[in-house]
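First comes the structure, then the notes that go with it.
The values are calculated or read from the model by the stated rules, or taken from the named source; none is laboratory data. Values in this document were obtained by computation on a predicted structure and should not be read as measured data. As a convention, Cβ positions derive from the backbone with ideal geometry for all residues, glycine included, and neighbour counts pool all protein chains shown. Just the protein is used for accessible areas: all its heavy atoms, side chains included, with ligands, DNA and RNA removed. Shrake-Rupley method; radii C 1.70, N 1.55, O 1.52, S 1.80 Å.
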Amino acid sequence: MEIINNLDGSFELRQSGLIKRILSAMGMEECNSTRTPADTKPLGADSHGRACSRQDRWQYSSVVGMMLYLAGNTRPDIAFAVHQAARHTHNPRAVHEEALIKIARYLQGSKDKGLRFHPSDSNQPRLDAYCDADFAGLWGSEAADDPTCVKSRTGYVIMYEGCPVIWKSKLQSLIALSTMEAEYISLSMCMRDLIPLRRVLQDLCEVFDLGEAGVSAHSTVFEDNSAALTLANSPQMTPRSKHIALRYHFFRSEVASGNIKVVAISTAEQIADVFTKGVTFQKFEYLREKLMGW
């Protein structure tokens, strides 16, 4: 991993060496670049599609492993694309190879990029989050008799002073019955990381004698679904939400105490959108700038 100091005072974490290794393993050192890592169409199992044609040149599982390591450390912008390809490591088809090739072409055009940190002189460190969900996003892309086709995808990113520190893109284990439920589950999963991280920040502020800055500051979670927003801020259940598993309501005490605020954000500004689905290059590049700083 490289740490690059920029002239504007910011610094960047990069893994250019790993990206070059990925491209070399795939024989794509001189390939053309592309502007997004994933197509807008979801990547299904394609069980009856063409078999892999490049297994004699590179191993699918090996490339996926390197990409997962990259996505989990310095490149959250490829997290969704890599995760949906990783789901098919046990039985990859030609369409999945093409998905990896698209990711590689995207990395070719951004191999000198990484996570950018901008130092802040604020005396109240901000720890905020963006969360989103794609309700039954695989419907039509998986076999109709496969329960996976109606599972929703959770996507969220937790940011410290505007820089991503934790991010995730994964299918929900529970089948949500509505968009509101899928969004609420995503919100709950985000809280499982945000709440402990807040406590760590508070402990650090006490250890390093930073006063009340970390303790008194609240965290803001940005949610673009109005129904999930209402349920998260409501102290009671409703007939339409009583079926949602109790384990997803644990964070309400943190909201009630004011430690965490769940507020609305427009879908156009929802950074977590890039963790739940493939989007157009215009939207992807706009949200990537907010996420990565470039």
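Packing-based ranking of 182-191, 137-146, 60-69 yields 182-191, 60-69, 137-146, ordered from highest to lowest mean Cβ neighbour count within 10 Å.
Label reach from Gln55 (point 7 Å along Cα→C-beta): in the range 78-104, amide nitrogens under 14 Å belong to 89-97.
Accessible surface for the chain, divided over its residues, is 48 Å² per residue with a 1.4 Å probe. One decimal place: the segment Thr179-Glu269 gains 30.5 nm when fully extended, by the rule 0.36 nm per residue minus the C-alpha distance. A dipole drawn for the chain from +1 and -1 charges on Cβ atoms has a positive end, and of Pro119, Pro42, Ala129 the residue lying farthest that way is Pro42. Classify the range 128-180 from the C-alpha gyration tensor, please: rounded if a/c falls under 1.5, else prolate or oblate depending on whether a/b exceeds b/c. Since a/c reaches 1.5 and a/b is larger than b/c, the shape of the range 128-180 is classed as prolate.
Cross-link partners of Lys111 among lysines, defined as those whose alpha carbon lies under 24 angstrom from its own and excluding same-chain residues fewer than eight positions apart: Lys20, Lys102, Lys168, Lys277, Lys283, Lys290.
Cβ distances below 4.7 Å define possible disulfide partners, and in the chain the cysteines left without one are Cys31, Cys52, Cys149, Cys163, Cys205. Considering only Val221, His90, Ser33, and ranking their Cα positions along the charge dipole of the chain that arises from unit charges at the beta-carbon of Lys, Arg, Asp and Glu, the one farthest toward the positive end is His90.
Highest-first packing order for the peptide set 126-135, 272-281, 111-120 is 126-135, 272-281, 111-120, based on the mean count of other beta carbon atoms within 10 Å.
Considering the chain, its Cα convex hull presents a mean projected area of 16.6 nm². Projected label points at Ser234 and Ser253, each 7 Å from Cα along the beta carbon direction, are separated by 2.2 nanometres.
Between the range 39-97 and the range 119-162, what is the separation of their alpha carbon centroids in Å? Centre-to-centre distance over Cα atoms comes out at 19 Å.
The string of couplings for the range 22-31 from the Karplus curve (6.51, -1.76, 1.60, θ = phi - 60°) is 4, 4, 5, 4, 8, x, 10, 4, 10, 6 Hz, one whole number per residue in order, with x for Gly and Pro.
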